[in-house]
Every structure is written in C-alpha cells, then in structure tokens.
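As structure tokens, the structure follows; a few thoughts come after it.
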Amino acid sequence: DTGVSQDPRHKITKRGQNVTFRCDPISEHNRLYWYRQTLGQGPEFLTYFQNEAQLEKSRLLSDRFSAERPKGSFSTLEIQRTEQGDSAMYLCASSFTGLRSRGPFEQFFGPGTRLTVL
Amino acid sequence: DQQVKQNSPSLSVQEGRISILNCDYTNSMFDYFLWYKKYPAEGPTFLISISSIKDKNEDGRFTVFLNKSAKHLSLHIVPSQPGDSAVYFCAASLGNQFYFGTGTSLTVIP
C-alpha cells in the first residue's frame, strides 16, 4: 500500500483550457475528498464521495468544476474553462470508517496536484 | 468567512520544551476537531482528533484540549523534538465537510 497518489503532480495550462486530475485513494478506503489550497491558506473543502456517491459539494464550487468516482475507486476532478484564479494546489484525501481508524474522519492526504493557469 | 482561525502564523520552541498551538472557531455546531501536520511538498498528515463532547484527548506526546465555551482548542506537544518542525493545521468538521485554519509553522530549535 503506497498511500494516496495523485496525477499529475504539476499542471500548467492556458486560461480557457480544460484540465483533469486523478486521485487514487488507499484501496480499502470508502471515503474520498477533494480540497483546494492556495498560498498561505489551509485546505478548502470542495467535495466528498462515499463509495461512488458524491454526497457533499461546497457551495463555493462553481459549475466549471465536476468530480466523479466511478465504481468507488479512483476519482477525477475536472475544471472546465480554467481561470487564473483556479491556480492552486488540489489535494485529494481518503479515509475509511472502521475499527482500525485512529479517529473519526482520519484522512490520508495525497501529495497534491499544483495547477498553474497562465 | 473563516470559520476556523489560527492567529499565530509561526512559533519557535526549544527542543524538549512544550509547544502549544492554538485555534479558534466560530461555529458551535462543529462536531469534531482535528489537527494535521504538514511537511513541505507533502500532503497533511493526521495527528489527533477530539469529539465536541470531550474536552481532552491524548496520544503519546500530543494532547488536544477543547474549550467549547471559548470556542477554542489547543494542541500541546511535550516534549518537542526537531522532527516536529512543520506546519500544523487545525480543522473542524460539520457532517462530512471540513474547515481548515491557515496553519501555524512550528520550528523546534535543537
């Protein structure tokens, strides 16, 4: 088990282009979260999946953002018509509900995808 | 609106002494509070959590205290070690949504 992985680690794109990021959670984890982090800020919640169902979305998430988690395994986050304000680190985290967790909602974070929109 | 606040951007502590990191929140409906540690170029790592119905939780060198009346929580690290140098985020959950503070950069001086 190598932890949560994210691909790509870095993405540079031009304004107006679409981008897609992938997250592979820890295999037995049923919960998956996407966050955005800008410089000097903490992670900002974007959306949450339990298995394949998207159960929570931040009201701050514009309709240019869409996330999927087909079959409850990996997840993708797509940003359409990127804007310079979308430049940030996009973090994925996963967790599971079970006796082995150290506490409720113990999330394991991936290394993030850094997006730069020119 | 920032519902979870960490007002100290940085903290320096001598090795072996106690580190106290503070966090304030505004929403009394938060049900769990968590602390994460982050090293450069890595994602945050979970440290410890506390339910809103408790006032203290301890795990090894780490203790989290919750003062609901003051809407304040703190993380105590005793004794502090150089490897503890990192950015520490507090977070609060409301259902399945999580709200993070802006982080405190801890430096433990050998």
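A quick yes/no check of all residues on (1) at the interface with chain A (Cβ under 10 Å from one of its Cβ atoms); (2) at pLDDT 95 or above; (3) within 29 Å of residue B:27 (Cα to Cα):
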{"residue": "B:68", "(1), (2), (3)": "no, yes, yes"}
{"residue": "B:72", "(1), (2), (3)": "no, yes, yes"}
{"residue": "B:80", "(1), (2), (3)": "no, yes, no"}
{"residue": "B:90", "(1), (2), (3)": "yes, yes, yes"}
{"residue": "B:97", "(1), (2), (3)": "yes, no, yes"}
{"residue": "B:101", "(1), (2), (3)": "yes, yes, yes"}
{"residue": "B:107", "(1), (2), (3)": "no, yes, no"}
* Structure fact -> In segment B:31-53, residues that are crowded, with 22+ Cβ neighbours inside 10 Å, closer than 15 Å to residue B:96 by Cα and of a type in the set (Phe, Trp, Tyr) total 1
* To do: Could you list, in sequence order, all residues of segment B:69-110 that are farther than 19 Å from residue A:45 by Cα, in a strand (DSSP E or B) and of a type in the set (Gly, Ala, Ser)?
  => B:74, B:86, B:105
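Hand me the list of strands (runs of 3 or more DSSP E) wholly inside segment A:1-97 holding 2 or more residues that are of a type in the set (Ser, Thr, Tyr) and within 14 Å of chain B (Cβ to nearest Cβ).
Details: elements: A:5-7, A:10-13, A:19-24, A:31-37, A:44-50, A:53-57, A:65-68, A:75-79, A:88-95.
Answer list for segment A:1-97: A:31-37, A:44-50, A:88-95.
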* Asked: Can you name the residue in segment B:8-37 that is within 13 Å of chain A (Cβ to nearest Cβ) and either part of a loop (DSSP other than H, G, I, E, B) or in contact with a Gly (Cβ under 7 Å, 6 or more places away or on another chain) (or both) and is also modelled with the lowest pLDDT among such residues?
  -> B:31
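The values are calculated or read from the model by the stated rules, or taken from the named source; none is laboratory data. The shown structure was predicted, so the numbers you read here are calculated from the model rather than taken from an experiment. Here the Cβ is made from the backbone with ideal geometry for all residues, glycine too, and neighbour counts use every protein chain on show.
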